[in-house]
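I have placed the structure first, in the form of structure tokens, so that the comments after it can refer back to it.
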């Protein structure tokens, strides 16, 4: 990824996050055009780095996070979802998208953990 012109452009990373994002280990991909990673280079970048296990969290549990989970599983990755680092919509008629996603995660993912549980496993 070429970051020429990003610094100071207004689209740059917030200073407090730079040490984490620019650590040489964090993968940054172009935005996805659908709900999953099928239209960006996420899978390619993981394969280039020898990544086999992925931890997912995000803002839209029943759409983006679940779509990423499904595609990464199809591509052969082991995937854990961090349930308290994932959010979802609630609609007065259609119901709770977060709870619906949690049901699916438990059927699909290799693991569904809390942030505390994953931090303990990473030590």
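The values are calculated or read from the model by the stated rules, or taken from the named source; none is laboratory data. Source: prediction; values computed, not measured. With ideal geometry, Cβ positions are generated from the backbone for all residues, glycine too; neighbour counts draw on all protein chains shown.
Looking only at segment 32-54, which residues are crowded, with 16+ Cβ neighbours inside 10 Å and within 16 Å of residue 112 (Cβ to Cβ)?
Residue satisfying the conditions is 54 alone.
Step by step: first the residues of segment 78-97, then only those that are surrounded by fewer than 18 Cβ atoms within 10 Å (Cβ to Cβ) and touching a helix residue (DSSP H, G or I) at 6+ places or on another chain (Cβ under 8 Å), then the one that is nearest to residue 44 (Cα to Cα). Which residue is that? Walk me through it before giving the result.
Applying the first criterion (surrounded by fewer than 18 Cβ atoms within 10 Å (Cβ to Cβ)) to segment 78-97 yields 78, 84-85, 87, 89-96.
Filter once more, keeping what is touching a helix residue (DSSP H, G or I) at 6+ places or on another chain (Cβ under 8 Å): 84-85, 87, 89-91.
On the way: 84: 28, 85: 25, 87: 27, 89: 30, 90: 34, 91: 36 Å.
If we take residues in segment 78-97 being surrounded by fewer than 18 Cβ atoms within 10 Å (Cβ to Cβ) and touching a helix residue (DSSP H, G or I) at 6+ places or on another chain (Cβ under 8 Å), then 85 is nearest to residue 44 (Cα to Cα).
Among the residues of segment 100-116, write down those that are surrounded by 12 or more Cβ atoms within 10 Å (Cβ to Cβ), in a helix (DSSP H, G or I) and in contact with a strand residue (DSSP E or B) (Cβ under 9 Å, 6 or more places away or on another chain).
Passing the criteria: 101, 102, 105, 106, 108, 115.
Report those helices (runs of 4 or more DSSP H) wholly inside segment 1-79 carrying at least 1 residues which are at pLDDT 90 or above and closer than 25 Å to residue 96 by Cα. Explain how you work it out, then say what you get.
On the way: elements: 18-21, 42-48, 66-74.
Counting at least 1 such residues, we get 66-74.
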